[in-house]
Amino acid sequence: MRKTNAYLLFCSFLSLLLSNCDTASSLSDNAGVSTRNNVLFIMVDDLGWKDVGYMGRRFFETPNIDRVSKEGMVFTRMYAGAANCAPSRACLISGQNTPRHHIYTVSSSERGKSIHRKIIPTPNTTVLADEHFTLPELFKEAGYVTGTFGKWHLGEDPQTQGFDINVAGGHAGSPGNDGYFSPYNVPALEDGPEGEHLTDRLTSEAIAFIERYQDEPFFLYLPYYSVHTPIQAKDSLKAKYAAKEGNEKDVNTVYAAMVETMDHNVGRILQALDQLELTKHTMVVFTSDNGGIRSIATQEPLRAGKGSYYEGGIRVPCAIRWPGKIPPGSQNDTPVTNLDFFPTFSEVLGLSKPHKILDGQSLLPLFRGEKTMARPLFWHFPIYLQAYNPEEDDGRDPLFRTRPGSVVILDQWKLHEYFEDGGLELYNLAEDIGERRNLADSEIEKRRELYRLLQDWRASTGAPVPTELNPEYRDQ
């Protein structure tokens with residue numbers, strides 16, 4: 001009798017254990033957790049919101065990026081974490097907003113002429129400190145092999161921050177003069193045959209990585225230097241776009257040629273996934289680090305461009321494909337930001353880091369078509385960025401793309417605050433996507449609501465607000 005009871009007890013325990021295993025497996029499947037769920041993250045440099053075919057600007061030929069949009073979900077209100085390269089990438093890689101990692105711009109925060117700067121800006125940090133737990137470190141903790149192929153811009157060596165393999169990544173923000181053709185001017189990349197194109201080469205290196213690690217889960221970060229300046233393209237494509245009709249927005253034709261080369265290489269890597277039968281096991285993210293340069297390719301109807309916190313500087317293209325998890329041909333208009341990728345991947349991997357502060361939210365509910373509550377999005381830039389082109393930038397004034405301030409977006413409402421003069425600008429983006437009609441004096445309750453949100457957020461993050469007057473300033 002005792003043996004029978006013991007046997008029955010063992011069977012009951014085994015059944016419960018197997019049931020729990022099945023449940024855990026089911027939960028993992030529902031969350032998208034799998035040793036075969038690779039991630040390919042394509043980050044294009046300075047690609048504007050409208051500079052891809054699926055966004056309606058047909059002068060650009062981007063059939064491969066359009067394929068990702070058709071086979072996945074388009075986010076029409078994806079925002080960069082900052083309006084220029086380094087801080088936006090720091091937000092993505094750390095999962096934290098600028099007041100936490102202190103990278104607000106590229107190089108010095110004292111940009112532009114001193115006589116035009118009314119206050120002393122907050123000093124800038126140029127390197128993402130190794131103390132930050134990073135996105136590639138998250139994937140490594142989950143057993144993934146990690147590789148980066150292209151622009152890093154957050155320090156000298158991305159291998160100190162979680163990448164197993166680094167090709168062409170260093171502190172440089174651009175490939176330099178004549179940098180898109182071999183011999184190259186970027187670190188950690190051997191020269192190829194004379195005239196080899198940098199974007200082609202980075203893609204070849206990335207494909208070799210996929211082929212080598214096709215039987216292991218991988219996180220492949222592909223931050224192309226393209227389409228950052230210098231504006232250089234292959235001769236055949238330059239001629240093609242110079243002769244092409246339909247350039248109503250007077251886009252720089254060499255830039256358009258660069259976009260096509262980038263798209264061609266996106267196609268190459270998608271084809272490699274197809275040939276290796278990895279497509280259904282790989283999430284593909286396509287986006288840009290910030291808005292485009294307005295004088296090169298206007299983002300109308302959005303205002304301004306790279307370096308500005310008007311929509312043209314921070315709203316970016318984004319399409320995400322994940323077979324079996326994201327409905328193909330879907331679109332989402334929820335305001336989201338590149339800060340949301342860290343918590344998204346944390347949930348996908350089933351890894352919780354309780355001591356890691358994250359400033360975004362997981363996108364998985366949106367992948368499933370669920371509705372989420374509106375939440376505020378914040379930007380903080382206690383710095384100056386001089387104008388690119390005073391006649392074309394379309395900023396608040398012709399001298400700067402950005403003056404010190406903060407921004408908050410809540411649903412369709414957007415509030416700008418400027419620290420020099422206490423100026424407030426309030427826009428209803430649903431009715432005024434171009435941010436032309438300042439409603440700060442008419443929508444007083446909404447202005448107060450957003451301003452309180454902004455103040456509370458700055459207090460919670462310890463965001464610095466510069467107030468010291470610049471003795472060299474001269475009133476214009």
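The values are calculated or read from the model by the stated rules, or taken from the named source; none is laboratory data. The structure displayed is predicted, hence computed values, not measured ones. All Cβ positions, even for glycine, are placed from backbone atoms using ideal geometry, and neighbour counts span all protein chains on display.
Within region 161-187, the set of residues being more than 20 Å from N84 (Cβ to Cβ), touching a helix residue (DSSP H, G or I) at 6+ places or on another chain (Cβ under 9 Å), without any contact (Cβ under 8 Å) to a residue 24 or more places away in the chain and part of a loop (DSSP other than H, G, I, E, B) comprises S182, Y184. Among the numbered conditions (1) within 25 Å of M262 (Cβ to Cβ); (2) touching a strand residue (DSSP E or B) at 6+ places or on another chain (Cβ under 9 Å); (3) among the small types (G, A, S), the only one that G112 does not meet is (1).
Of the residues making up region 452-476, those that are under 26 Å from the mean Cα position of the chain (by Cα) and in a helix (DSSP H, G or I) are L453, L454, Q455, D456, W457, R458, A459, S460, T461.
Counting the residues of region 79-138 that are β-branched (V, I, T) and closer than 20 Å to F41 by Cβ gives 3.
Considering region 419-445, and only residues there that are acidic (D, E) and part of a loop (DSSP other than H, G, I, E, B), the residue that is surrounded by the most Cβ atoms within 10 Å (Cβ to Cβ) turns out to be E435.
Residues that are under 20 Å from G307 (Cβ atoms) and either part of a helix (DSSP H, G or I) or of a type in the set (D, E) (or both) within region 70-92 comprise C85, A86, P87, S88, R89, A90, C91, L92, listed in sequence order.
Among the residues of region 202-237, those identified as under 17 Å from A257 (Cα atoms), of a type outside the set (A, V, I, L, M), surrounded by fewer than 22 Cβ atoms within 10 Å (Cβ to Cβ) and in contact (Cβ under 8 Å) with a residue 12 or more places away in the chain are T229, P230, Q232, K234. For region 454-476, a residue qualifies if it is closer than 30 Å to L358 by Cα and surrounded by fewer than 16 Cβ atoms within 10 Å (Cβ to Cβ), and the qualifying residues are Q455, D456, A459, S460, G462, V465, T467.
On the given criteria, is K240 in a loop (DSSP other than H, G, I, E, B), assigned by TED's automatic domain parsing to the domain that holds G143, in contact (Cβ under 8 Å) with a residue 12 or more places away in the chain and closer than 19 Å to T62 by Cβ? The answer is no for K240. Hey, any hits in region 269-287 for a residue that's closer than 30 Å to A387 by Cα and either at pLDDT 95 or above or assigned to a helix (DSSP H, G or I) (or both)? There is at least one residue in region 269-287 that is closer than 30 Å to A387 by Cα and either at pLDDT 95 or above or assigned to a helix (DSSP H, G or I) (or both). The single condition among (1) in contact with a strand residue (DSSP E or B) (Cβ under 8 Å, 6 or more places away or on another chain); (2) on the phi > 0 side of the Ramachandran plot that G350 does not satisfy is (1).
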